[in-house]
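**Student:** Structure incoming, see below.
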Amino acid sequence: MFRSLRRALCAAAAALLLILTGVGAQTVHADPADAVDRAAAPGAGYWHTSGRQMLDAAGQPVRIAGINWFGFETANYTPHGLWARDYKSMIDQMKSLGYNTIRLPYSDDLFKSGTVPNSIDFSGGKNADLQGLGSLQIMDRIVAYAGQGGLKVVLDRHRPDAAGQSALWYTSAVPESTWIANLKALATRYRGNSTVIGIDLHNEPHDPACWGCGDTTRDWRLAAQRAGNAVLSVNPELLIFVEGVQTFNGVSGWWGGNLMGVAQYPVQLDVPNRVVYSAHDYATSVAQQSWFSDPAFPANMPGIWDKYWGYIFKQNIAPVWVGEFGTTLQSTIDQKWLAALVSYLRPTSTYGADSISWTFWSWNPNSGDTGGILKDDWTTVDTVKDGYLASVKAPGFPGGGGDPGDPGDPGDPGGGTAACTAAYTVSSDWGGGFNAEVKVTNSGTVALKSWKVTWTWPGAQKVTSMWNGSYTQSGATVTASNADHNGALAVGGSASFGFGGAPGGGGAPAVSCTAT
């Protein structure tokens, strides 16, 4: 919401940076061990819906737990950060952190013949296979590599052109016919490639957009039906992600975040079981809302979310996907908001895939009113922000590029060596406490199923919290194990976990790593 100017400035800054040097439903409790024992890991193939759940091609429930990587929708015409890193290393890092889906915003400029991607660094072999490609061809490479690693992709028609967000799905320069033609072109382009599970039809419709008013020039629900049916006419396997509006029956909320009209006016498509409703929700770093100043905050927030979009999930109407939510996390209010929202989304360890899906905004650090999972160097992880999401991350999906009989497969009975190394880094220390991160790397010759790391502090340090891992502590000795989502590591692959401890001043102890 309210981000068109900010994102335009981000795009300009990116180019400059390159010059100077992303009720009533039956509850199904998924047993994580059961998922491992099944013949196929959940997520394979195209997906469909059943009530409030998304199901894979085999009928197994799946949860999107992903990240937004923006840039295609800006005047760079390619995901941001490629001026700093290779796109493959970026996607590898997303996977290592436990994100299983990438939402890729784009604009209709990508379909214009004069569009040329820019701000990509090719030095030192970086992004070598993107050289000379157009924007859609770069999208092809990103989709292919993401799918090879077991990530899914949702394409997001973010804006009609790189200049900025539009309230309606069309403008005088980009009419509805162009919008639909380009949606169909993408659906056709990726037909048969189940890495792309669906398309988010338009980002953040807002006033004067309406829901159910019947005015075909403003009624977003009717437009979504027209566009959704057009997409499904060329690729009937896709999910159709439909965001809300700003105002319904005089009640306003976040742009794209008001889905109150679904109860009376659901989106009805020609192909059944294809609609996923998408809400956006933000904190005070984006804009102030009345509920943040309610004396009951944050206890009032579940009721707010129920009213705007959560009822769709609770009443088993359809799946709900929070396609964007984010914050700089600087204020206490924002910290309480994020903790409350993550709890509302339902922890994976308790509910499995019978949960609300999500993609966090954003991977990019150059999102002016939220920041990102990455810090400004485009490499270092904001472990505090990422840590808030640990409980709602979910397992990845079967990769599309590997051979099940390959010696690197986790089930390989051959004679390869399972081994790992670990590197311990103190990211901040204020005397009374500290934060640290441990990076685990598969240094063996076979893929790993799990790992654990052990160290002994010389002083009286204690772990106070941990994210992307679990731990036990006996005296000064800590043993940390992988979480469900980051135990499997390909040869050469890595994963990280972070933790807080107290008191500070302990430095970095020697660590040992054990792999299976």
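The values are calculated or read from the model by the stated rules, or taken from the named source; none is laboratory data. In this text, all values refer to a predicted model and were calculated from it rather than measured experimentally. Heads up, the Cβs are rebuilt from the backbone with ideal geometry, glycines too, and the neighbour counts pull from every protein chain shown. Areas reflect the complete protein model, heavy atoms only, side chains present, ligands, DNA and RNA absent. Shrake-Rupley method; radii C 1.70, N 1.55, O 1.52, S 1.80 Å.
**Student:** Exactly one condition in (1) in a helix (DSSP H, G or I); (2) surrounded by 23 or more Cβ atoms within 10 Å (Cβ to Cβ) is false for P105; which is it?
**Tutor:** (1)
For every residue, the table says whether it meets (1) open to solvent by less than 30 Å² (accessible area, probe 1.4 Å); (2) in a strand (DSSP E or B); (3) of a type in the set (D, E, K, R).
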residue: G66; (1), (2), (3): yes, yes, no
residue: N76; (1), (2), (3): yes, no, no
residue: I91; (1), (2), (3): yes, no, no
residue: K95; (1), (2), (3): no, no, yes
residue: Y99; (1), (2), (3): yes, no, no
residue: G114; (1), (2), (3): no, no, no
residue: I120; (1), (2), (3): yes, no, no
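**Student:** Right, next: For the range 461-470, state whether one or more residues are assigned to a strand (DSSP E or B), open to solvent by 40 Å² or more (accessible area, probe 1.4 Å) and of a type in the set (A, V, I, L, M). Give the steps one after another, and end with the answer.
**Tutor:** First pass over the range 461-470, keeping only residues assigned to a strand (DSSP E or B): 462-467, 469-470.
Pick out the ones that are also open to solvent by 40 Å² or more (accessible area, probe 1.4 Å) and you get 462, 464-465, 470.
Still in the running and of a type in the set (A, V, I, L, M): none.
No; the residues of the range 461-470 include none that is assigned to a strand (DSSP E or B), open to solvent by 40 Å² or more (accessible area, probe 1.4 Å) and of a type in the set (A, V, I, L, M).
**Student:** Another question, if that's okay. Restricting to the range 186-226, and then to whatever is outside any helix (DSSP H, G or I) and small (G, A, S), can you tell me which residue is nearest to V271 (Cα to Cα)? So that I can check it myself, show each step before the final result.
**Tutor:** The first filter runs over the range 186-226 and keeps only residues outside any helix (DSSP H, G or I), leaving 190-219.
Retained after the next criterion (residues that are small (G, A, S)): 192, 194, 198, 209, 212, 214.
On the way: G192: 17, S194: 17, G198: 14, A209: 25, G212: 21, G214: 22 Å.
Going through the qualifying residues, I end up with G198.
**Student:** A further question follows. Return the pairs, sorted by first residue and then second, in which the second residue is in a strand (DSSP E or B) and open to solvent by 50 Å² or more (accessible area, probe 1.4 Å), the first residue lies in the range 424-445 and is more than 22 Å from P503 (Cα to Cα) and small (G, A, S), the beta carbons are less than 7 Å apart, and the residues are 6+ apart or on different chains.
**Tutor:** S443/T421
**Student:** For the range 69-77, indicate whether the set of residues that are of a type in the set (A, V, I, L, M, F, W, C), within 22 Å of V320 (Cα to Cα) and either modelled with pLDDT of 95 or more or in contact with an Asp or Glu (Cβ under 7 Å, 6 or more places away or on another chain) (or both) is non-empty.
**Tutor:** From the range 69-77, those of a type in the set (A, V, I, L, M, F, W, C) are 69-70, 72, 75; that's our starting set.
Okay, now just the ones that are also within 22 Å of V320 (Cα to Cα), so 69-70.
Checking which are either modelled with pLDDT of 95 or more or in contact with an Asp or Glu (Cβ under 7 Å, 6 or more places away or on another chain) (or both) leaves us with 69-70.
Yes; the residues of the range 69-77 include at least one that is of a type in the set (A, V, I, L, M, F, W, C), within 22 Å of V320 (Cα to Cα) and either modelled with pLDDT of 95 or more or in contact with an Asp or Glu (Cβ under 7 Å, 6 or more places away or on another chain) (or both).
**Student:** So which residues in the range 258-284 are in contact with a helix residue (DSSP H, G or I) (Cβ under 6 Å, 6 or more places away or on another chain) and not in a helix (DSSP H, G or I)?
**Tutor:** Those that are in contact with a helix residue (DSSP H, G or I) (Cβ under 6 Å, 6 or more places away or on another chain) and not in a helix (DSSP H, G or I): N258, L259, Y265, V267, L269, D270, V271, Y277, A279, A283, T284.
**Student:** Against the condition within 24 Å of A65 (Cβ to Cβ) and at pLDDT 90 or above, how does N468 come out, does it pass?
**Tutor:** Numbers: within 24 Å of A65 (Cβ to Cβ): yes; at pLDDT 90 or above: no.
Answer is no for this residue.
Per-residue answers, yes or no, for (1) open to solvent by less than 30 Å² (accessible area, probe 1.4 Å); (2) more than 24 Å from W211 (Cβ to Cβ); (3) not in a loop (DSSP other than H, G, I, E, B):
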site	(1), (2), (3)
P295	no, yes, no
V322	yes, no, yes
L338	yes, yes, yes
P365	yes, yes, no
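**Student:** For the list (1) open to solvent by less than 70 Å² (accessible area, probe 1.4 Å); (2) assigned to a loop (DSSP other than H, G, I, E, B); (3) modelled with pLDDT under 85, I need the number of the one condition that G415 fails.
**Tutor:** Among (1) open to solvent by less than 70 Å² (accessible area, probe 1.4 Å); (2) assigned to a loop (DSSP other than H, G, I, E, B); (3) modelled with pLDDT under 85, the lone unmet condition for G415 is (1).
**Student:** Moving on to the next point. Inside the range 163-192, can you point out the residues that are at pLDDT below 95 and either among the polar types (S, T, N, Q) or open to solvent by less than 20 Å² (accessible area, probe 1.4 Å) (or both)?
**Tutor:** G164, Q165
A quick yes/no check of all residues on (1) of a type in the set (V, I, T); (2) open to solvent by less than 10 Å² (accessible area, probe 1.4 Å); (3) closer than 21 Å to A187 by Cα:
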residue: R52; (1), (2), (3): no, no, no
residue: P61; (1), (2), (3): no, no, no
residue: F72; (1), (2), (3): no, yes, yes
residue: W83; (1), (2), (3): no, no, no
residue: L136; (1), (2), (3): no, no, yes
